[in-house]
Amino acid sequence: MSFAERCGLNSRERETACEQLLRQVDASGIELVRLGWCDLHGVVRGKTIVASQLRSALANGIGMVSTLLLKDSSDRTAFKVFEPGIEETLPGFAGASNFTLMPEPASWQVLPWTEKTGWLQCQPYFADGRIVPLDSRHVLQQAVQRLAERGWQMRCGLEVEFHIYRFKDPLHGQDLDPSHAAWPGPAPEVSLIHPGYNLLTEGWFDRAEEPLRIVQRTAQALGLPLISLEIELGPSQVEAVFDVSDTLTAADHMVLFRNATRQSLRRAGYHATFMCRPPFEHIMSSGWHLHQSLCEISTGRNVFMRDAAAPECDARDARQVLSDVGASWLAGLLSHAPALTALCTSTSNGYGRFRPNAMAPQSILWGRDNRGAMLRVIGAPGDSATRIENRLGEPAANPYLYMASQIHAGLDGVDAQLQAPPATETPYSAGAATIPTNLADAVQALQSDAAMCLALGQPFVDYYSTIKKAEHQRLLQAEDAQEFHRREYFGRI
């Protein structure tokens, strides 16, 4: 029996897809295949095999050390896997045991920035064939299934801000100096690709066009639904906007986009970082704005859309724009916002973004087309593009957890028939409940949110909290917070 059969992956459709892929690889002259898996922090890890081993990998997977699921953002293992009690805390992880990465043949990509190399997305399984429940992609798959049971699908569009810099010395920089190697090591030395503070200026786009062309060509070669590349306000800050797709596809696209962007740009002498606040005095924070709506699987109809405004509603009532389901979904996102923050802004670096008058949220509010509110409602009665934009996230967040959190919070609002408060017109005024101001407080809010713990599963919440608390504890112990962020994130995410 193959390991794929033990995992229940031996469907006729998968077997056909595997055979088609093997023929394609033979015909194309592919020499190497990267088997990638997205870790808790949204970073792609995995192994590279020679093409002749692909048939075996599709049938039986490839081994990975289980501690890859237990790493904090500095790549340190946050659990004591060699001590008594670990089997009770994390069944299946004792002794840094082996898991098996199983490739998904439908995820096949030929990487455009390197020679004769393919890429396959994988998910981890225990030796007995059970999927590892702590895997973040599996967490989203479970949330998607909750929606499917109601006949719904979530659709997501991505607006991703990030920074691109030029390496001062891509071959012999300080981060590659053996005498400076550390855990984590020094950040690379860089210069800007545009000086900033001229939002959407064509002249700045022209200065940054070389790296942006690399981003464009790479994204399109991978089949990603790129709409636009834009100059953001901050120095060296840019934005990529993607068309809508179903939730799981959108999350997969985000993982692939970040991974491909960093690698393709580095080969050309550029450094892309998705950390929220790069470690320089004059920067603007980057956000990841997640546009979301529900549609009926059977008809494609937008569940958030109203045919007409609800009677006796003023302009600040959510039911002026959103259906009753959409208004309750909005209320669920607001109700669980403190807990969601831990999953949407998942690094200690990201909390410096929540400040007034920066087109980033500070308080737990919603608004009609208001970019200062945490949730921006866009649309009108009869508008099939009616949607909610969540502005809470940072671009380094794990996309599977970001999107799963929206589903669980939204569904809780629907099930409880929650009503959203009136829309804000002054999102930075005093008096409203505020977003958690640091990672530890956000994690505590997640642990205290009974509905989110039930939806995500208490074992996952405990696991996630342990790893994120380890990250926050290292920040507290650091002598220099900016240097901590520089080493922890700038060269890595």
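The values are calculated or read from the model by the stated rules, or taken from the named source; none is laboratory data. What you see is a predicted model; the values in this text were computed from it and never measured. All Cβ positions, even for glycine, are placed from backbone atoms using ideal geometry, and neighbour counts span all protein chains on display. These area figures cover heavy atoms from the full protein model, side chains too; ligands, DNA and RNA do not enter into them. Shrake-Rupley method; radii C 1.70, N 1.55, O 1.52, S 1.80 Å.
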Report the charge-dipole magnitude of the range 91-151 in Debye, nearest 20, computed about the Cα centre from +1 at each Lys and Arg Cβ and -1 at each Asp and Glu Cβ. 140 debye
Per-residue ellipticity at 222 nm attributable to helices in the chain (runs of n ≥ 4 DSSP H, -39500 (n - 2.57) apiece, nearest 500 deg cm²/dmol) works out to -10000 deg cm²/dmol
Give me a comma-separated list of calculated 3J(HN,Hα) values for the range 241-255, in order, Karplus coefficients 6.51, -1.76, 1.60 applied at θ = phi - 60°, integers in Hz, x for any Gly or Pro. 10, 10, 5, 6, 8, 5, 4, 5, 5, 4, 5, 4, 4, 5, 4
For the range 355-415, rounded, prolate or oblate, judged on the Cα gyration tensor with a ≥ b ≥ c (square roots of eigenvalues), a/c < 1.5 rounded, else prolate if a/b > b/c? oblate
Dipole in debye (nearest 20) - the range 369-430, about Cα centre, beta carbon charges: Lys, Arg +1; Asp, Glu -1: 120 debye
Using a 1.4 angstrom probe, figure out how much accessible area the range 226-353 has per residue, in square angstrom, rounded to the nearest whole. 30 Å²
Compactness relative to 2.2 N^0.38 Å, alpha carbon Rg of the range 352-456: 1.11
Tyr197 to Asp314: extension gain in nm, 0.36 nm per residue of separation minus the Cα-Cα distance? 38.3 nm
Formal net charge of residues neighbouring Leu176 (Cβ-Cβ distance under 11 Å; K, R +1; D, E -1): -4
What residues qualify as long-range amide H neighbours of His271, i.e. H under 5 Å apart, gap of 5 or more or another chain, H built at 1.01 Å from N? Tyr165, Arg166, Phe167
For the range 1-140, build the convex hull from the C-alpha positions and give me its volume per residue in Å³. 117 Å³
Cβ crowding within 10 Å averaged over residues, with 472-478, 132-138, 175-181, 95-101 ranked highest first: 132-138, 95-101, 472-478, 175-181
Where the centroid of each part is defined by its Cα atoms, how far is the range 51-98 from the range 128-179 in Å? 18 Å
Prolate/oblate/rounded label for the range 186-230 (Cα gyration tensor, a/c 1.5): oblate
Based on the inverse mean of 1/r over its pairs of different Cα atoms, what is the Kirkwood hydrodynamic radius of the range 332-381, in Å? 11.7 Å
List Asp72, Asp169, ordered by accessible area with a 1.4 Å probe, largest first: Asp169, Asp72
Please list, in order along the range 93-100, the HN-Hα scalar couplings obtained from phi with the Karplus expression 6.51 cos²θ - 1.76 cosθ + 1.60 (θ = phi - 60°), rounded to whole Hz, x for Gly and Pro. 9, 4, x, 6, 5, 8, 10, 10
Average the reciprocal distances over every distinct pair of alpha-carbons in the range 193-294, invert the result, and give the Kirkwood radius in Å. 14.4 Å
Determine which lysines satisfy two conditions relative to Lys71: a Cα distance under 29 Å, and not lying fewer than 8 residues away in the same chain. Lys47, Lys80, Lys468, Lys469
Under a Cβ-Cβ cut-off of 11 Å, what is the net charge of the residues other than Glu239 that fall near it, where Lys and Arg count +1 and Asp and Glu count -1? -4
Using θ = phi - 60° and the Karplus form 6.51 cos²θ - 1.76 cosθ + 1.60, what ³J(HN,Hα) does each residue of the range 373-381 get, whole Hz, x for Gly and Pro? 7, 5, 10, 10, 8, 10, x, 6, x
Accessible-area composition of the chain, carbon plus sulfur, in percent [1.4 Å probe]: 49 percent
